[in-house]
Amino acid sequence: MPAIYKFISLFLLIAASFELNGQDNQLTYYLSPSGNDNNDGHSPKRAWKTLAKLNSVDLRPGSHVFLEKGKTFTGTIKLDKADSGTPSEPVTISSYPKEAATIDAGDSTGLYGINCSNIVVSNINFKGNGVGKNSGSGIFFYSDLQTNQPENITILYCSTSGFGKYGILFGSAEGGQIKGFNKVMLEECRSSANGEAGIGSYGDQSHFPHTNFLVNQCYVHGNRGILTKTENHSGNGIVFGSVENITIQYCKAFDNGADNRCNAGGPVGIWVWLCKNAVIQYCESHHNHAGAGKDGGGFDIDGGSSNCVIQFNYSHDNEGAGYLLAEYGAATPFVNDTIRFNISENDGRKNSYGGITIWGVSNQYQVRKSIVYNNTVFVSTNNIVNGNPCAVQIIGPNMSGVILANNIFLTQGTVEFVNSSDAIDTSNIKFISNSYYSYSNRPSFIWNRKVYRGLSEWKSFAKGQETFNGMQTGVYIDPQLDSAQTSFQRFRLSKTSPIKYGGTKLSDLGVTGYSQDIFSRKIANNGMVNPGASN
């Protein structure tokens with residue numbers, strides 16, 4: 001069992017002991033709407049009444065704060081450096097016995113912690129009075145320290161809704177010397193009906209002030225955005241910025257972004273920007289909206305991100321791209337990013353996005369040395385809002401050393417396999433060993449805004465594409481998916497698939513660190529792989 005989960009289990013056992021025994025302890029505080037702030041707060045019968053009383057006390061290491069189950073408390077829980085715990089004795093804030101209490105923050109923030117460390121927040125509902133009225137976030141931890149880095153913040157089983165900004169937010173001040181948060185874990189949290197986003201972070205954009213985050217099994221949905229905000233996007237699901245080393249896994253994001261009114265950029269279900277060593281895996285992102293003219297996609301590695309990986313995810317029915325690589329002009333380089341072993345189904349429902357989309361804003365700010373391999377993309381013309389989607393969209397020439405290899409691109413209806421606004425040189429972007437098939441018998445490519453019918457015709461004009469080490473690659477053939485399966489499992493290759501082991505060896509592509517496909521099946525030791533997410 002990982003150490004963090006051992007810690008969580010220990011915390012829950014300690015909490016249960018206090019709840020069952022009603023133990024009188026000088027480090028334990030109870031709050032109840034029927035309590036009295038003149039009490040000492042150390043037992044359920046002597047509980048405090050208000051959050052204001054709690055905020056007047058400096059919590060010591062090992063303190064436990066329990067809010068009465070099923071009850072509502074108005075106001076904001078405020079924590080600062082003086083309320084910090086220690087790694088072995090954190091400060092815990094939870095409900096008792098088990099049913100969640102509610103913090104009604106009105107037009108403010110539900111819990112605000114500044115420069116504090118070793119805090120556990122568990123099993124509490126945070127409620128604001130709605131986007132357009134509320135100006136805060138459900139849970140907001142903030143740092144402006146330049147010396148010691150605040151650390152060990154754990155948020156478990158909490159829900160946040162009705163906040164104008166974020167459901168859960170970690171932020172740090174501007175400045176290259178500012179220390180963000182270290183060792184943050186969010187586990188089984190739900191965030192809905194917020195304005196800016198469900199869950200996220202921000203910090204100084206010249207470096208990565210936050211470090212070592214884990215976001216596990218969180219659900220974000222219905223974070224529609226802000227109708228009155230036009231200068232920047234709103235309505236994101238999960239969006240983390242300025243973090244080095246973050247894993248987002250087993251999360252779901254859906255139906256976000258409908259009220260975004262920024263035309264310069266839009267929201268995405270799950271994404272990172274200006275992050276280093278980020279991993280997004282085993283997540284599902286679907287039915288997310290652009291709101292206006294941009295984005296609304298499933299997953300994204302965005303500006304200033306490096307050494308990031310999106311793997312083993314399912315994106316479907318999003319208005320924007322299923323998977324996006326985008327560099328907007330960040331202060332740190334966009335380089336060495338990977339999208340692998342994912343499925344995109346019927347993404348690009350609005351504004352002509354691709355299941356996979358790649359964009360760099362200028363020659364100075366390019367998508368560099370990144371690879372998109374072993375993904376399966378299916379795009380049809382069903383239920384399109386506007387425009388015409390494609391399997392792969394390449395916007396502009398501002399990329400270098402980008403590889404698309406061993407992918408399966410499937411289309412139905414008047415959908416292109418590739419739509420590129422420019423004739424891209426193979427030094428910018430290179431297609432290798434991809435499998436193409438149109439269920440409508442309409443194989444089509446747009447290259448430099450010209451239409452080419454069929455794989456061979458496109459290759460004759462897109463010089464060097466679908467060749468590798470002097471050999472012709474790329475096939476146009478029905479991959480024969482396993483139609484007997486349900487959900488995204490039906491994108492597995494059948495046992496009789498004609499493209500079995502038809503991909504280029506990953507080692508020959510310079511890829512290391514792989515071991516399995518989206519279905520957790522091991523890749524052959526000899527490095528032979530199928531095209532697509534199924535091996």
- Taking the range 299-335, which residues are part of a loop (DSSP other than H, G, I, E, B) and touching a His at 6+ places or on another chain (Cβ under 9 Å)? Asp317, Asn318, Glu319, Gly320, Gly322, Ala331, Thr332
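For (1) part of a loop (DSSP other than H, G, I, E, B); (2) surrounded by fewer than 22 Cβ atoms within 10 Å (Cβ to Cβ); (3) touching a strand residue (DSSP E or B) at 6+ places or on another chain (Cβ under 7 Å); (4) at pLDDT 90 or above, each residue gets a yes or a no:
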| site | (1), (2), (3), (4) |
| --- | --- |
| Tyr501 | yes, yes, no, yes |
| Thr512 | yes, yes, no, no |
| Gly527 | yes, yes, no, no |
| Pro531 | yes, no, yes, yes |
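Of all residues in the range 42-53, which are among the aliphatic types (A, V, I, L, M) and either farther than 18 Å from Gly138 by Cα or touching a Lys or Arg at 6+ places or on another chain (Cβ under 7 Å) (or both)? Spell out how you get there, then give the answer.
Kept after step one, since they are among the aliphatic types (A, V, I, L, M), are these residues of the range 42-53: 47, 51-52.
Hit for the range 42-53 is Ala47, nothing else.
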- Which residue pairs have Cβ atoms closer than 7 Å, lie 6 or more positions apart in sequence or on different chains, and pair a first residue in the range 407-432 that is farther than 24 Å from Arg340 by Cβ with a second residue that is charged (D, E, K, R)? Thr414/Arg442; Ser421/Arg449
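Let me confirm something: among Leu145, Leu54, Leu156, Leu111, which residue is touching a residue at least 40 places away in the same chain (Cβ under 8 Å) and of a type in the set (A, V, I, L, M, F, W, C)?
Details: Leu145 fails: touching a residue at least 40 places away in the same chain (Cβ under 8 Å); Leu54 fails: touching a residue at least 40 places away in the same chain (Cβ under 8 Å); Leu111 fails: touching a residue at least 40 places away in the same chain (Cβ under 8 Å).
Answer to the selection: Leu156.
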- Complete set of residues in the range 346-364 that are surrounded by 19 or more Cβ atoms within 10 Å (Cβ to Cβ) and either assigned to a loop (DSSP other than H, G, I, E, B) or of a type in the set (Lys, Arg) (or both): Asn346, Asp347, Gly348, Arg349, Lys350, Asn351, Tyr353
- For Gly322, all conditions in the list (1) farther than 17 Å from Tyr373 by Cα; (2) surrounded by 19 or more Cβ atoms within 10 Å (Cβ to Cβ) hold save one; what is the number of the exception? (1)
- Query: If a residue has to be within 28 Å of the chain's Cα centre (by Cα), buried (at least 23 other Cβ atoms within 10 Å of the Cβ) and over 15 Å from Ser161 (Cα atoms) to count, how many in the range 96-119 make the cut?
  - Reply: 4
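Yes/no matrix, rows are residues, columns are (1) within 27 Å of the chain's Cα centre (by Cα); (2) surrounded by 24 or more Cβ atoms within 10 Å (Cβ to Cβ); (3) outside any strand (DSSP E or B):
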| site | (1), (2), (3) |
| --- | --- |
| Phe378 | yes, yes, no |
| Asn383 | yes, no, yes |
| Asn388 | yes, no, yes |
| Ala391 | yes, yes, no |
| Ile394 | yes, yes, no |
| Thr414 | no, no, yes |
| Val418 | yes, yes, no |
| Asp422 | no, no, yes |
| Asp425 | no, no, yes |
- Query: If you take the residues in the range 396-412 that are polar (S, T, N, Q) and surrounded by 22 or more Cβ atoms within 10 Å (Cβ to Cβ), which one is farthest from the chain's Cα centre (by Cα)?
  - Reply: Thr411
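Report whether or not Gln480 is surrounded by 14 or more Cβ atoms within 10 Å (Cβ to Cβ), modelled with pLDDT of 95 or more and either under 31 Å from the mean Cα position of the chain (by Cα) or not acidic (Asp, Glu) (or both).
It is true that Gln480 is surrounded by 14 or more Cβ atoms within 10 Å (Cβ to Cβ), modelled with pLDDT of 95 or more and either under 31 Å from the mean Cα position of the chain (by Cα) or not acidic (Asp, Glu) (or both).
The values are calculated or read from the model by the stated rules, or taken from the named source; none is laboratory data. All figures in this text were calculated on a predicted structure; none of them were measured in a lab. Note that each Cβ is placed from the backbone with ideal geometry, even for glycine, and that neighbours are counted across all protein chains shown.
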